[in-house]
Amino acid sequence: MKDKIIQKSTDLFLKLGFKSVTMDDIANEMAISKKTIYTHFKNKTALVKECTCNVLHNITTGIDEICSLEQNPIEELFEIKKFVMGTIEAEQSSPQYQLQKYYPEIFEGIKESHFEKMMECTRKNLRRGIEQGLYRSNLNIDFIARLYFLGIHGIKDQNLFPIEKFSTQFLTEEYLEYHIRGIVTPEGFLTLKKFIKEHQTND
């Protein structure tokens, strides 16, 4: 039952937002009593924490699987973007922004875990890109990895990028292209153009 509650709550939180969904909503959706939920979670904050940790675990596992394939580094970034968009980013409620606003302590814990994982993956991606001649050899890997992380989190700030003006998909795609354009060699740029063209064709 606990796993079912986590799964249903996660779906609702990502779809409607952490603030909007109440314990009553979850109980009604599952056709169970609120008492049943409170048997497993002492309050909504505990439930939110469990759900966000679960989402992070699923995303981390998926990204690890993509990275283990050791694809072309530029293709790898596009595949990770596609996977994350399919998991969480396409939701219009901007869950990360709501988490930051209403559950700042949980957000900071998740951000720290995300930072460690993303730095590890981005550094590996940058090293491989340099080795394959797709990224510039004079890049400061640690600086670029931190800059990329900063941007990934920054574009989700709705004060800077109101959702009615910039869709999540637009921001994610534009920022990825912006990041790659800044680090590629002429050869890497040709590879990037190929992926952009393929993406537009698929759309």
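Values quoted throughout were computed directly from the atomic coordinates according to the rules given, and no laboratory measurement underlies them. Not measured: the values here are computed from a predicted model.
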So, for the Cα atoms of the chain, Rg and Dmax in Å stand at 18.8, 61
Given pairs Lys8/Lys82; Lys49/Lys82; Lys19/Lys124; Lys111/Lys194 and cut-off 29 Å on Cα-Cα distance, the over-length ones are Lys19/Lys124; Lys111/Lys194
In degrees rounded to 10, the 0-90 angle between helix 2-16 Cα long axis and the longest Cα principal axis of the chain is 70 degrees
Karplus-derived 3J(HN,Hα) from phi for the stretch 157-170 (6.51 cos²θ - 1.76 cosθ + 1.60, θ = phi - 60°), whole Hz, x at Gly and Pro, runs 7, 6, 5, 7, 10, x, 5, 6, 9, 10, 6, 4, 5, 4
Long-range share for the stretch 109-203, i.e. C-alpha pairs more than 22 Å apart as a percent of all pairs, stands at 37 percent
Computed ³J(HN,Hα) along the stretch 44-50: with the Karplus parameters 6.51/-1.76/1.60, θ = phi - 60°, integer Hz and x for glycine or proline, the list is 5, 4, 5, 5, 4, 4, 4
Longest principal axis of the chain (C-alpha) makes with the long axis of helix 73-84 (C-alpha) an angle, in degrees to the nearest 10, of 20 degrees
Under 5 Å from the placed amide H of Tyr135, counting only residues 5+ away or on other chains, we find Ile130, Thr185
